[in-house]
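The values are calculated or read from the model by the stated rules, or taken from the named source; none is laboratory data. The shown structure was predicted, so the numbers you read here are calculated from the model rather than taken from an experiment. Because the Cβ atoms are built from the backbone with ideal geometry, glycine has one as well, and the counts that use them run over all protein chains shown.
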Amino acid sequence: MKITTTLAAIAMTGTTVAALAHSGATGIVKERMDGMKAMGDAVKSVAPMMRGEMEYDADTMRAAARTFQQHAGEAMTELFPEGSGGMPSEAKDAVWEDWDAFADLADRLAVYAEGLEGAAGNGMGQGGQMGTGSMMGGGSMTGDASGMMGGSAMMGAGGSDMMTAEHIAEMPVDAAFTMTTEVCSACHSRFRAEDG
């Protein structure tokens, strides 16, 4: 499997946000942009490993997973109080119009990133390199948050629509990374305004 362009898009998000939006951001908007930049930097730190361009390092992956965890779940949602949209924020009004879906994705990111940290020691599957399939933003990532993790690989025990961190921690690290970054991509496509 190869990394899709969405991996590059997520990695570049941090750079784009920092270069363009941070110049006018203050307060809570700047705080959340800083968190998004930190996650984008975390993706950039492991992307070469996921593409097979450098040797896999479990400690680097664990550090990236902890960065995702620090900025996910309630840590993320508390940075989006009602009325904090508008320029220079890149958050769409959909964040507040469909708060439950947004909060669900923030919670998923926390759980999946915890699983990713656990999976870091498992090494790569798929011959040691990410494959073409659904990296961040594949076909299964459309629709409302309750159906976003569509395929059986994203289903938890008993048919629930979210796997546990424990299940994810048993996967090869590249599969866990894919699941984690698909949450990022789903959130960006639904709740983040496009650049330009």
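So for segment 75-86 (the condition being within 20 Å of A113 (Cβ to Cβ), of a type in the set (G, A, S) and not in a loop (DSSP other than H, G, I, E, B)), does at least one residue qualify? Give the derivation first.
Taking segment 75-86 first, the residues within 20 Å of A113 (Cβ to Cβ) are 75-80.
From what's left, of a type in the set (G, A, S): 75.
Retained after the next criterion (residues that are not in a loop (DSSP other than H, G, I, E, B)): 75.
Looking through segment 75-86, at least one residue is within 20 Å of A113 (Cβ to Cβ), of a type in the set (G, A, S) and not in a loop (DSSP other than H, G, I, E, B).
Being surrounded by fewer than 20 Cβ atoms within 10 Å (Cβ to Cβ), modelled with pLDDT of 95 or more and over 17 Å from R32 (Cβ atoms) is the requirement here; does E114 meet it?
Numbers: surrounded by fewer than 20 Cβ atoms within 10 Å (Cβ to Cβ): no; modelled with pLDDT of 95 or more: yes; over 17 Å from R32 (Cβ atoms): yes.
For E114, the condition - surrounded by fewer than 20 Cβ atoms within 10 Å (Cβ to Cβ), modelled with pLDDT of 95 or more and over 17 Å from R32 (Cβ atoms) - is not met.
Quick check on this structure: which one of M1, M61, M39 is closer than 18 Å to T181 by Cβ and at pLDDT below 95? Even if it seems obvious, please write down each step before you answer.
On the way: M61 fails: at pLDDT below 95; M39 fails: at pLDDT below 95.
Being closer than 18 Å to T181 by Cβ and at pLDDT below 95 holds for just one of M1, M61, M39, which is M1.
When residues of segment 30-74 are filtered for being touching a residue at least 40 places away in the same chain (Cβ under 8 Å), part of a loop (DSSP other than H, G, I, E, B) and more than 17 Å from E114 (Cα to Cα), how many remain?
Final tally of qualifying residues: 3.
Of the conditions (1) more than 16 Å from the chain's Cα centre (by Cα); (2) buried (at least 20 other Cβ atoms within 10 Å of the Cβ); (3) at pLDDT 95 or above, W96 fails just one. Which one is it?
(2)
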